1. Given the residues GLY241, GLY252, which is the only one that is of a type in the set (Gly, Ala, Ser) and in contact (Cβ under 8 Å) with a residue 40 or more places away in the chain?
2. Could you say whether any residue in segment 121-135 is surrounded by 14 or more Cβ atoms within 10 Å (Cβ to Cβ), of a type in the set (Phe, Trp, Tyr), in the same structural domain as GLY241 (by TED's automatic domain parsing) and under 27 Å from LYS209 (Cα atoms)?
3. Would you point out which residue out of LEU215, LEU171, LEU210 is at pLDDT 95 or above and within 25 Å of SER254 (Cβ to Cβ)?
4. Filter segment 206-228 down to the residues that are out of contact with any helix residue (DSSP H, G or I) (no Cβ under 7 Å at 6 or more places or on another chain) and closer than 15 Å to GLY157 by Cα, then identify the one that is surrounded by the most Cβ atoms within 10 Å (Cβ to Cβ).
5. Between residues in segment 123-149 that are over 24 Å from VAL200 (Cα atoms) and residues that are exposed (fewer than 14 other Cβ atoms within 10 Å of the Cβ) and of a type in the set (Gly, Ala, Ser), which pairs lie under 8 Å by C-beta distance while being six or more apart or on different chains?
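The values are calculated or read from the model by the stated rules, or taken from the named source; none is laboratory data. As the structure is a prediction and not an experimental result, all values here were calculated from the model. Positions of Cβ are generated from backbone atoms using ideal geometry, with glycine treated the same way; all protein chains shown enter the neighbour counts.
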Amino acid sequence: MREFFKSTRFKVLVAFIAFLLGMMIYAVTKGGYAVSGASIVNTITKPIRYISGGIASRIELASDKLTNADSYYEENQRLRSEVNELKAQLSDYEDLKEEVEELRKFVVIKEEHPDYVYTAPAQVLGYTANDPFKSFTIDKGSENDIEPYLPVATAEGIIGITVEVSEHTSLVRTILSPDLSIAAVCAETNADYGIIEGAVLAAEKNCTKLTHLDLDNQLKVGSLMITSGTSGLFPRDYPIGTVQSVGLESSGLSACAEIEPCADISRLSSVVVITDFTGKKEAENEDKTEP
């Protein structure tokens, strides 16, 4: 018996009884009423029951996942498919919206120049690799009445000329190129004539250059340059770009200006080719219809 009182079991039992007595005394002093043994046991075991309940819920959830794994996988795949389909529809909608906007702009062009003959909007297939002057290929060619050296434009203005034409495609040289010259005039002053010719340094900034400009010109930043129509390659009064800066040529004998094209040539998606702006084709068509 003496050994029992000295044993660890006895000490644990005494500690447990002391704990229970302490709980009872605490409950009486704080609440003013007696606490039953069942309440004490419930109070003591509440944390254990909370933990065991959480463990049971997790086990049930894991069991459900294992049991219904196939149905969950199929549902997940179905939802993924629906999301991808909705994304595709949204992409198609955005493309259609952009196409409609482009067509609306080209309708405005035709209304402004009813005597010009345009192709249907041509899609830009891609830019020429390693060309600093941004030449590009379009999906229209000789089957669409396109020939070399026809003006190419967007809703904003002139951006180049066709140079190589096959049956279904055409290569376009842009106004950033030094191999293309356009006679230009200031729209505001109807004077200040010059020649639009590309330059390497200007092309790096997606700009072109206006040369052979009089020293006493009235150009200022923001002035709009349009085609003068004197070369015969481009229609008259078509927007080209706006003046970004005015300076002197290295010779000092004439002035020059840096011109930002009306359209962002580095980000074109569609263009039109002006197949006739002199009225010749309309006259030819009328002759063909006469008896």
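1. Numbers: GLY252 fails: in contact (Cβ under 8 Å) with a residue 40 or more places away in the chain.
Residue meeting the stated conditions: GLY241.
2. yes
3. Going through LEU215, LEU171, LEU210 in turn, just one is at pLDDT 95 or above and within 25 Å of SER254 (Cβ to Cβ): LEU210.
4. Keep residues of segment 206-228 that are out of contact with any helix residue (DSSP H, G or I) (no Cβ under 7 Å at 6 or more places or on another chain), which gives 207, 210-228.
Filter once more, keeping what is closer than 15 Å to GLY157 by Cα: 207, 223-228.
Values: CYS207: 22, SER223: 21, LEU224: 17, MET225: 29, ILE226: 23, THR227: 22, SER228: 20.
Top of the filtered list is MET225.
5. Hits for this filter: GLN123/SER269; LYS140/ALA120; GLY141/SER166; SER142/SER166; ASN144/ALA120.
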